[in-house]
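Contents: one structure, followed by commentary.
The values are calculated or read from the model by the stated rules, or taken from the named source; none is laboratory data. Note that the structure is predicted; figures quoted are calculated from it, not measured. Because the Cβ atoms are built from the backbone with ideal geometry, glycine has one as well, and the counts that use them run over all protein chains shown.
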Ligand SMILES: Cc1cc2nc3c(=O)[nH]c(=O)nc-3n(C[C@H](O)[C@H](O)[C@H](O)COP(=O)(O)OP(=O)(O)OC[C@H]3O[C@@H](n4cnc5c(N)ncnc54)[C@H](O)[C@@H]3O)c2cc1C
């Protein structure tokens, strides 16, 4: 058993920023971060656009950012949370800068503010198109300087240790030794990020399998808003299920057309703004076209555009297409909508507290009330920064209780059991991803959801039985977690009676 004061599960922006602050405040306390891959692997690292923060109050104002967030959330945001997160942005930005993160500036020395869909003003602070990479770099450097923080890479959290609605830490599988270790902690922070790989087609890296939310659910924590999932309309299609390269909205802004395989420019059939309709409408329209045609993808046609100007504006996209044999001067780019962000998660109050005592959640795995039915672009990094600070502030006056777990720890290593065949798990994962895309994806169908629920229950029982008789592995637990998340999404989609934000349920195709 490893004993620590603060156990942080996840090394993205949410987990690392909490760790830095608490370590600085209490140099005599022990902070342990466990993370399932290399420490920098996270959704954070891939964030492109930036962080939405009001920094220039001549043109912009907190009220405008609040209004934009509320409009996007379609009536389901918690207004007090929205106000709190937005007004605290500048303080959190100052901290990031003090930790060494660099953000783009204009010639006059002001922040170079980007504008994204749904924002009425330019307010997105960024570092080129690699904001997340820069933030992760800077905060990891800070973490490495703190002697009381231990980062344990390739430790996969399996389950929380709980008793009488009280959290005492977590069990984690060390991927190299295959040993399960109990981490006993005074306070546990879930910062495990998103769920993208449940859908196969996703902009998220492979770590995004919803583990933290599934663990919290097994421990009876309250989970909310799982039906609200954001899909990005245009990710580069390849036949593999896996992380997808984003073809930025700006390419459509530059004049590219969306076409079916037969060449029809279909967006005009759905919205008079055509290709520049909002993200959810473009995603829903593509989804309907794919279901009607049975094709795997639609196409972005850039062949009529000025090639030199395109290469100047989008050098990375041009090169990426070229590397997979697409000459954008002659070829259409195959694209599909891809899962991008989860608005729901482990429900927390304004201090980041979950419904389980001494368990906190922060970042994409949490549901704070900021996003409501749809996330405003670039509000998620901000939410993680503000809530990691809220948890820190809440915990400052709370003394270490020295209240060890008195129950019996699970013995995960007691017998050498056979390994599950990797092919078996891979096949079920592919079937799960297809089921989620078809039945619980961008547009959900009333009649299909109960069928999906039934199938998910069959898979859940099958995997639970297998885990009793076979060796525990990351692949096995990730699959169990993804099935659990799939069941939550399907159930919450059945329960929701009205279409809101990014959620659309119809009777039939
Ligand atoms: C391509 C892309 C572009 C984006 N662009 C933007 C943007 O411009 N602006 C914006 O605000 N947001 C953006 N987002 C969203 C934003 O990046 C994420 O919501 C945010 O970074 C989440 O941070 P996090 O700390 O909650 O989770 P993450 O950064 O995903 O970190 C999760 C951590 O938990 C670990 N983990 C997970 N499960 C386990 C387990 N079982 N055991 C141990 N460790 C585990 C992971 O390994 C990882 O270290 C983007 C996301 C993507 C994918």
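A few notes on this one:
- Residues of segment 155-194 that turn out to be out of contact with any strand residue (DSSP E or B) (no Cβ under 7 Å at 6 or more places or on another chain) and within 13 Å of the ligand (Cβ to nearest atom), as a count: 1
- Among (1) within 16 Å of the ligand (Cβ to nearest atom); (2) over 30 Å from residue 472 (Cβ atoms); (3) in a helix (DSSP H, G or I), the one test that residue 374 misses: (3)
- Residue that is more than 29 Å from residue 504 (Cα to Cα) and surrounded by fewer than 16 Cβ atoms within 10 Å (Cβ to Cβ), where the choices are 88, 57: 57
- Selection of segment 461-509 for residues being in a helix (DSSP H, G or I) and within 17 Å of residue 438 (Cβ to Cβ) yields 482, 483, 485, 486, 487, 489, 490, 493, 494.
- Filter result for the condition that a residue is more than 21 Å from residue 337 (Cα to Cα) and either surrounded by fewer than 22 Cβ atoms within 10 Å (Cβ to Cβ) or more than 16 Å from the ligand (Cβ to nearest atom) (or both), over 478, 464: 464
- Hits in segment 39-67 (condition: at pLDDT 95 or above and more than 12 Å from the ligand (Cβ to nearest atom)): 54, 55, 60, 61, 62, 63, 64, 65, 66, 67
- Restricting attention to segment 169-182, the residues that are surrounded by 17 or more Cβ atoms within 10 Å (Cβ to Cβ) and either farther than 17 Å from residue 213 by Cα or free of Cβ contacts under 8 Å to residues at least 60 places away in the same chain (or both) total 4.
Residue by residue, here is whether (1) closer than 20 Å to residue 290 by Cβ; (2) surrounded by 15 or more Cβ atoms within 10 Å (Cβ to Cβ); (3) in contact with a strand residue (DSSP E or B) (Cβ under 9 Å, 6 or more places away or on another chain); (4) free of Cβ contacts under 8 Å to residues at least 12 places away in the same chain holds:
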residue: 417; (1), (2), (3), (4): no, no, no, no
residue: 445; (1), (2), (3), (4): yes, yes, yes, no
residue: 452; (1), (2), (3), (4): yes, yes, yes, no
residue: 460; (1), (2), (3), (4): no, yes, no, no
residue: 473; (1), (2), (3), (4): no, yes, yes, no
residue: 496; (1), (2), (3), (4): no, yes, yes, no
residue: 502; (1), (2), (3), (4): yes, yes, yes, no
residue: 506; (1), (2), (3), (4): yes, no, yes, no
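Conditions (1) under 23 Å from the mean Cα position of the chain (by Cα); (2) in a helix (DSSP H, G or I); (3) crowded, with 20+ Cβ neighbours inside 10 Å; (4) free of Cβ contacts under 8 Å to residues at least 12 places away in the same chain, marked per residue:
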site	(1), (2), (3), (4)
282	yes, yes, yes, no
304	no, no, no, no
312	no, yes, no, yes
321	no, yes, yes, no
336	yes, no, yes, no
346	yes, no, yes, no
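- A search for C-beta distances below 6 Å between a residue of segment 148-165 that is more than 28 Å from residue 24 (Cα to Cα) and any residue that is near the ligand (Cβ under 10 Å from one of its atoms) and at pLDDT 95 or above, counting only pairs 6+ apart in sequence or on different chains, returns 158/173; 158/477; 159/215.
- Of all residues making up segment 200-224, the number that are more than 12 Å from the ligand (Cβ to nearest atom) and at pLDDT below 95: 2
- Looking only at segment 144-154, and only at residues there that are more than 15 Å from residue 7 (Cβ to Cβ) and more than 10 Å from the ligand (Cβ to nearest atom), the one that is nearest to the chain's Cα centre (by Cα): 144
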